[in-house]
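The values are calculated or read from the model by the stated rules, or taken from the named source; none is laboratory data. No experiment lies behind these values; they were computed from the predicted model shown. Cβ sites come from the backbone with ideal geometry, for glycine too, and all protein chains shown count toward neighbours.
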């Protein structure tokens, strides 16, 4: 345990449409906040990992993102890199930082997500490769194919997707910094414009400018801090890189393979989880993960979320700050930050009572990548 | 400026990609070509330098029968490109030889598409391109039988 790693600090910029601010301003703001939150100084940081969001990842594909950010932060670290795993990247770099700290490669690794897709909109619209020939545009199309498949296999109804969106808003209503805090009715949801059936506009997450950062610290250094920290209990990844070549690609996420390993490595069961922060770029992905992580049987996620099952006070509170659907688009790093705040007992009005174990997941690209972490309160 | 505007409204072209150039060239001649592994018999799409199942590079190209079924689909109600107005159907088609591909289902009302529907390849002209799309098999079943999730060879 002496070589263990903990999360010692979290911080983020404001989120929203921020045309006056560059990604670099947002990311350095988040970095400063995370290091200060841990009670450390910039000179204490000896590792840097970054998750450039979709717009930056494309724009700056040649110059590595960590190089540009590290220069601005004045870092000459012992360990550095950027990862492009889509929405799985933020959870992925936190997991990688834990490995690096546990291996002794560095002792204070800063993990930074940031992007300005609203201020650089040209970089954000995409149809990958030949997909554009068929009008297969946007991540919404890929997820609509999965949603249709879920409805076909299990009879999942639009109202059950709607429950996910309503719950996100109910959590956001208790979260001062969330961007979409107005409660929704099921009628509001059903009246939402169809985009790629069966998905409606309200099934799609928002797009935001902003940045978020997490400081992973060695347990040895953390012992000298006054601040309470959060333990990293286990991590697991699984990826489905074949897309169409994988016969189950639309029936389950790669999480179906990583989830059992994640729980086994921590010696825990799904029933031990007090709250889950599940990547929710589209409502359907949250439903699929409830099944993949074993919170309910396959095909039963629709009924699991009914009657406020994942809402505040539900049997499993999910995305307690509103997630990508209602808090902001924080790349997945805001999911990590919310887990840390809950496990430190600092979540205010939305605090989950006695929260001691949190699941955090990331999911990305064409439903190709998946990363997961189990985090535990330090008590 | 005029040229730029025309580019924006022209039907999207296939990506300029060494891996898939031969596939699109064959489409221009009215064939949907699958890559075939001469060692293990696996058929796959998109084309690649080796068999994704056994990693053999002993491969050749076979024309698909063009018969298949709808694994899943979505009806786009929102338009993303001026040359592709909604509503239109994007579907995952599983060819009878095994490979899956993204395409469109045409020749029927968008709301009539079903998972498991039997379909047949058609080439449709879009600008100077022939696009492989699928329409319901004439006289075939249009039921909702379970699309296969297993692998065929």
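Quick one: which of B:82, B:14 is in contact (Cβ under 8 Å) with a residue 24 or more places away in the chain, within 13 Å of chain A (Cβ to nearest Cβ) and loosely packed, with under 14 Cβ neighbours inside 10 Å?
Criteria check complete, one pass: B:82.
Can you name the condition, by its number, that residue A:242 falls short on among (1) within 14 Å of chain B (Cβ to nearest Cβ); (2) buried (at least 19 other Cβ atoms within 10 Å of the Cβ)?
Looking at each condition in turn, residue A:242 falls short on (2).
When you check residue A:329 against the structure, is it buried (at least 23 other Cβ atoms within 10 Å of the Cβ) and over 25 Å from residue A:180 (Cα atoms), yes or no?
It is false that residue A:329 is buried (at least 23 other Cβ atoms within 10 Å of the Cβ) and over 25 Å from residue A:180 (Cα atoms).
Quick check: anything in segment B:123-130 within 14 Å of chain A (Cβ to nearest Cβ) and under 24 Å from residue A:146 (Cβ atoms)?
Taking every residue of segment B:123-130 in turn, none turns out to be within 14 Å of chain A (Cβ to nearest Cβ) and under 24 Å from residue A:146 (Cβ atoms).
Within segment A:194-229, take every residue that is within 14 Å of another protein chain (Cβ to nearest Cβ) and in a strand (DSSP E or B) and give me the one that is farthest from residue A:115 (Cα to Cα).
Per the stated criteria, the residue is A:194.
Read through the list (1) farther than 25 Å from residue A:150 by Cβ; (2) more than 12 Å from every other protein chain (Cβ to nearest Cβ); (3) in a loop (DSSP other than H, G, I, E, B), then give the number of the only condition that residue B:108 fails.
The number of the failed condition is (1).
Just wondering, is there one or more residues in segment A:163-174 that are within 14 Å of chain B (Cβ to nearest Cβ), farther than 17 Å from residue A:301 by Cβ and either in contact (Cβ under 8 Å) with a residue 12 or more places away in the chain or in a helix (DSSP H, G or I) (or both)?
no
Please determine, by comparing only the residues of segment B:92-105 that are more than 8 Å from chain A (Cβ to nearest Cβ) and outside any loop (DSSP other than H, G, I, E, B), which one is surrounded by the most Cβ atoms within 10 Å (Cβ to Cβ).
By that ranking, first place goes to B:93.
Output the qualifying pairs, or none if there are none: Cβ atoms under 7 angstrom, residues six or more apart or on different chains, first residue in segment A:250-261 and touching a residue at least 60 places away in the same chain (Cβ under 8 Å), second residue assigned to a loop (DSSP other than H, G, I, E, B).
That search, which allows pairs on different chains as well, returns A:251/B:149; A:253/A:367; A:254/A:240; A:255/A:293; A:259/A:293; A:259/A:294.
Within segment A:175-193, which residues are buried (at least 19 other Cβ atoms within 10 Å of the Cβ) and either within 12 Å of chain B (Cβ to nearest Cβ) or assigned to a helix (DSSP H, G or I) (or both)?
Residue satisfying the conditions is A:189 alone.
Scan (1) in contact with a strand residue (DSSP E or B) (Cβ under 9 Å, 6 or more places away or on another chain); (2) modelled with pLDDT under 95 for the single condition residue B:82 breaks and write down its number.
(1)
Whether any residue in segment B:61-68 is within 13 Å of chain A (Cβ to nearest Cβ) and either closer than 20 Å to residue A:141 by Cβ or surrounded by fewer than 21 Cβ atoms within 10 Å (Cβ to Cβ) (or both) is what I want to check.
Checked against the condition, which is being within 13 Å of chain A (Cβ to nearest Cβ) and either closer than 20 Å to residue A:141 by Cβ or surrounded by fewer than 21 Cβ atoms within 10 Å (Cβ to Cβ) (or both), segment B:61-68 yields at least one hit.
Of everything in segment B:35-60, what is in a strand (DSSP E or B) and more than 12 Å from chain A (Cβ to nearest Cβ)? Give them in sequence order.
Selection gives B:36, B:37, B:59, B:60.
Of all residues in segment B:17-26 being more than 10 Å from chain A (Cβ to nearest Cβ) and in contact (Cβ under 8 Å) with a residue 24 or more places away in the chain, which is farthest from residue B:85 (Cα to Cα)?
B:22
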